[in-house]
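Notes follow once the structure below has been shown.
None of the figures in this text is laboratory data; all of them are computed from the coordinates on show. Small disclaimer: the values here were computed from a predicted structure and weren't measured. For neighbour counting, all protein chains shown are included, and Cβ atoms are generated from backbone atoms with ideal geometry for every residue, glycine included.
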Amino acid sequence: MIRSMTGFASASGSLPPHAWDWELRAVNGKGLDLRIRVPDWIVGLEASLRKLLSAQVKRGNVTLSLRLSRAEQEGALQINATQLSSVLGAMATIETRAAETGVTLAPSTAADIVGLRGVLETSNSEDDTTALAQMLMAEAEALLTSFNAMRDGEGAALRKVLLGQLEELTALTEEAAALATVRQAALADTLRRNLAKVIDNTENVDPDRVAQELALIAVKSDVTEEIDRLTAHIAAARELISGEGPVGRKLDFLMQEFNREANTLCSKAQNTELTRCGLALKTVIDQMREQVQNVE
C-alpha cells in the first residue's frame, strides 16, 4: 500500500519536573532529509530519534521538534563532601596557626560551616537523564505511529486517484490503438494516390527506391510500439501502486516513460483524431505525475 510523504502529528507529556510538546511534520522531497531539534543535554536522544525515524520514513523533508520546559521547584539539599573536606582542612590549618601565634579563636558551629559557600547545595535532577530519555523515546514511538497513520490515510486517497487516472490512460490507449488501425487504411490509400502522381510525372523511377521510401514512411507513422509500451507502463504502474514499501521514485521514473511514449505517438499521428487522443494522454499523464510527487 502506498504512503504519502506529507504528514503531521503532535503530542504532549510530562515527567516532573519536566513537561514537553512534540511536533512531527513532513513535506515532499526528492530524498530523505531529517531535521531533529531536541535539547542536547539529554544524552543520546537525538541519535536514537534519528535511528527510529530513518527506519520508518524513507523519503521527504521531515522535521521533529521537542520543546521541553522544567518547572521551578526547590531541589533536595545535599552536602558537597569534597567542598566540606576542603573547608574543614582549611579550618584546621587556621586553628593550628592561630594557636602557634597565641591567637584565640571562637569555636565554629555546624551552622557556620554549612553557611560557607559550596558546602550545602541543591541537587541537580538533570545529572541523570536516563529515565527522561526512556520516556521521551516511548512517546516518540507513539508519535511516529500517529504520523504514519496520517500518511497511510493520505496514501489510500492517493492510491484511489492514481488508479482512476490509470483507468483513463487505459481507455485512451485503447482508443489510440483503434484510431491507429483506422488511420492505417486511410494512410495507405493516401500513399497510393500520391505515389501514382509521382510515377505518372516522373521518368525512370527506380522501383527499389520507391519501395524503400514507402517502407520508411510506414515505419515513421507506425505507433504500434508506442501503444504497446504505454500498455506495459500501465501494468507496471498498477503493480507498483498495489505493492508494498516506498515506490515514489519508481513511479516518478515511470511517469517520464509515459510522457516519452505519448510525445512520440503525437509526433507520428498524422491524423487529427489520433493527435487529439495523444494530447489527452499527455494531459492525464501530467495530472498523474503531480500526484506521484506526493508518494513516498
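Per-structure values
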quantity: Per-residue Cβ neighbour rank within 10 angstrom, fewest leading, 182, 284; calculated: 182, 284
quantity: Debye intensity ratio in log₁₀ form over the Cα atoms of segment 1-92, taken at each q of 0.14, 0.20 Å⁻¹; calculated: -0.66, -1.00
quantity: √(5λ) per eigenvalue of the Cα gyration tensor, segment 77-122, largest first, Å; calculated: 24, 11, 5
quantity: Taking 150, 288, 137 and counting other C-beta atoms within 10 Å, the order from fewest to most; calculated: 137, 150, 288
quantity: Qualifying GluC sites (Glu not before Pro) in segment 30-117, DSSP loop, other Cβ atoms within 10 Å at most 16; calculated: 72, 74
